[in-house]
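The values are calculated or read from the model by the stated rules, or taken from the named source; none is laboratory data. These figures come from a predicted structure and were not determined experimentally. Positions of Cβ are generated from backbone atoms using ideal geometry, with glycine treated the same way; all protein chains shown enter the neighbour counts. These accessible areas exclude ligands, DNA and RNA; they are computed on the full protein's heavy atoms, side chains included. Shrake-Rupley method; radii C 1.70, N 1.55, O 1.52, S 1.80 Å.
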Amino acid sequence: MFILGQIDVSAGVVSGWQTYFMIIVYFVVLLAIGYYAYKQSTSNLDEYMLGGRSIGPYVTALSAGASDMSGWMIMGLPGEVYSIGLSATWLAIGLTVGAWLNYILVAPKLRVYTEHTGNAITIPDFFEKRVADNTHVLKVISGIIIVVFFTLYTSVGMVSGGTLFESAFGLDYRLGAILTMGIVVIYTFFGGYLAVSLTDFFQGVIMLIAMVMVPIAALITLNGFDTFNTVAEVKPTNLDLFKGTSAISIIGLIAWGLGYFGQPHIIVRFMSIKSHKLLPKARRFGIGWMAISLIGACLVGLTGIAYIHDTTQTIDNPETIFILMSQVLFHPLVGGFFLAAILAAILAAIMSTISSQLLVTSSALTQDFYKIITRKRGKEADRDKEFVLIGRFAVLLVAIVAMMLAWTPNDTILNLVGNAWAGFGAAFGPLVLMSLYWKGLSKNGAIAGMVTSSIVVLFWIMMKGHGGIFELYEIIPGFLTNVVVTTVVSSFTKKPEKHVIDNLDKMNRILDEK
């Protein structure tokens with residue numbers, strides 16, 4: 001989701017050999033995982049881009065969670081709770097419900113359909129096969145949306161990494177950005193989807209530990225559960241779920257959950273699991289991880305209010321409350337090792353999302369563009385090594401372009417990425433759901449809905465600040481527009497071919513099997 005923004009940590013630059021040692025160990029582990037994944041075979045595009053559909057339920061769950069939450073969970077949510085109080089947790093509620101529904105409504109059907117009806121390995125490829133679009137128009141449009149937005153999204157991840165190294169270690173911003181990019185590109189370039197999934201699992205565990213330990217340490221250091229009395233004294237609305245916000249804001253926060261149905265880097269995880277029968281286990285593990293982590297993030301924000309009130313610490317940017325508390329609370333207590341783990345958690349949040357975005361964008365460039373352009377050059381089965389090579393160099397190309405964008409941080413890019421969740425959710429979400437549940441979906445309806453909703457989201461973003469209805473989160477009008485336009489156009493255009501209906505029936509039969 002969101003990537004860590006600008007950091008200005010009041011506690012100062014981190015020092016100590018333990019911290020640097022642990023960060024180096026962290027990087028070495030990531031590279032070792034990448035090497036392991038490379039040795040497990042990435043000889044064809046299905047293995048490189050989707051892990052050969054052989055990923056277990058626990059890795060699937062944490063990979064989906066880590067690539068989703070990113071620096072937003074560690075920075076954005078604690079900062080929001082610190083600023084406005086408990087009412088900010090409506091966002092966490094909306095996201096948790098949305099992620100759960102994604103596992104229920106999308107995961108099983110998408111896993112079965114994409115394998116048994118043409119082996120689609122990307123979301124644009126799935127769309128094309130679902131509506132039998134021989135013109136490739138739908139595939140190209142959705143591929144362009146992915147390439148453009150995820151390249152920008154990736155660049156902000158690199159900005160985040162560079163800023164973290166600059167603020168926490170005193171390194172040059174650009175050197176930090178290059179270091180962040182270099183590590184991610186190496187393990188993604190060689191290890192592909194398996195490397196990304198395994199590193200996400202490792203990083204998800206680190207993130208969970210950090211989100212549990214920081215609020216616990218804060219409560220121990222302050223006044224235990226009496227700390228929340230201080231939070232209420234600072235501002236009475238801090239502990240009120242409904243005050244300090246408006247109905248339109250609550251609706252907008254809950255509506256973030258709609259975005260899950262259309263996030264390519266998340267729903268592709270469902271396509272890679274060994275069997276749809278393992279998805280219930282993945283769901284329980286993944287939602288449990290998410291709920292605990294989000295509760296921890298909210299507690300960081302709340303305890304941060306009391307911590308700043310009761311100490312001499314000051315903070316200019318609320319989104320840095322997690323970094324400030326982790327440095328001050330743990331460095332004197334347990335030395336640099338735990339502080340390094342906290343910083344590694346922030347890096348994990350950044351890197352897990354960057355790697356997922358790189359791989360999805362590479363998939364779009366290879367599967368949805370390169371294959372179309374060169375489809376007359378020979379049988380696909382004879383070109384596996386070529387496709388994998390192109391996929392790897394696509395990772396490198398996207399990383400280079402993203403680094404160029406990140407070289408000088410640009411607020412316009414940061415703001416655009418802040419709306420990417422709404423863009424993907426509105427453009428792809430309804431189409432994913434209708435592809436799996438509605439037999440009447442047509443090619444023209446899918447194209448019209450995707451394009452129109454994207455325009456509505458962009459228009460809504462431009463109208464932000466004009467008050468009234470434009471204060472509503474843009475995913476809501478975009479999502480609804482997509483549903484209406486897709487339904488109307490599909491109803492008045494050519495009906496789906498018989499084999500499309502047969503494929504949906506086949507999907508449902510497989511899901512009904514015990």
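Side notes on the structure shown:
- Relative packing of 184-193, 58-67, which averages over residues the other C-beta atoms within 10 Å, highest first: 58-67, 184-193
- Sorted peptide list for 397-408, 274-285, criterion being average Cβ within 10 angstrom, highest first: 397-408, 274-285
- Each peptide in 422-430, 457-465, 258-266 receives the mean, over its residues, of other Cβ atoms within 10 Å, and ordering these scores from highest gives 422-430, 258-266, 457-465.
- Cross-link pairs Lys109/Lys464; Lys109/Lys139; Lys274/Lys371 - those with Cα-Cα distance over 31 Å: Lys109/Lys464
- Among the protein heavy atoms, those of Arg174 account for about 90 Å² of accessible surface (1.4 Å probe, every chain in place).
- Prolate/oblate/rounded call for region 40-101, Cα gyration tensor, a/c under 1.5 rounded: prolate
- Modelled spin labels at Ile24 and Leu105, positioned 7 Å past Cα toward Cβ, are 5.0 nm from each other.
- At full extension, Tyr35 and Lys385 could sit 124.2 nm farther apart than now, given 0.36 nm per residue minus the alpha carbon distance.
- Calculated log₁₀ intensity ratio I(q)/I(0) where the Debye formula runs over C-alpha points of region 146-244, q = 0.12, 0.16 Å⁻¹: -0.69, -0.92
- Normalised contact order of the chain, rounded percent, pairs of Cα under 8 Å and 6 or more residues apart: 30
- Spin-label model distance (nm) - Arg284 vs Ile372, 7 Å beyond Cα toward Cβ: 4.3
- Computed from the C-beta positions of Leu241 and Asn44 and an R0 of 51 Å, the FRET efficiency is 0.50 to the nearest 0.05.
- Most to least accessible of His136, His116 (protein chains only, probe 1.4 Å): His116, His136
- Gap separating the Cα centres of region 67-136 and region 440-514, nearest whole Å: 15
- Hits among aspartates and glutamates - C-alpha to C-alpha of Lys494 under 13 Å, sequence gap 8 or more where chains match: Asp133
- Label point distance in nm, Phe470-Trp438, each placed 7 Å from Cα along Cα→Cβ: 2.9
- Computed across the chain, the Kirkwood hydrodynamic radius from all distinct Cα-Cα pairs reaches 23.2 Å.
- A Förster radius of 56 Å combined with the Cβ-Cβ distance from Glu497 to Ile220 puts the calculated FRET efficiency at roughly 0.30.
- Taking Met73, Met181 and ordering them by how much accessible surface each has at a 1.4 Å probe, largest first, produces Met181, Met73.
- Computed E for Phe393/Glu233 - FRET, C-beta separation, R0 60 angstrom, nearest 0.05: 0.55
- Length gained on full extension, Val484 to Asn134: 123.5 nm, using 0.36 nm per residue less the C-alpha separation.
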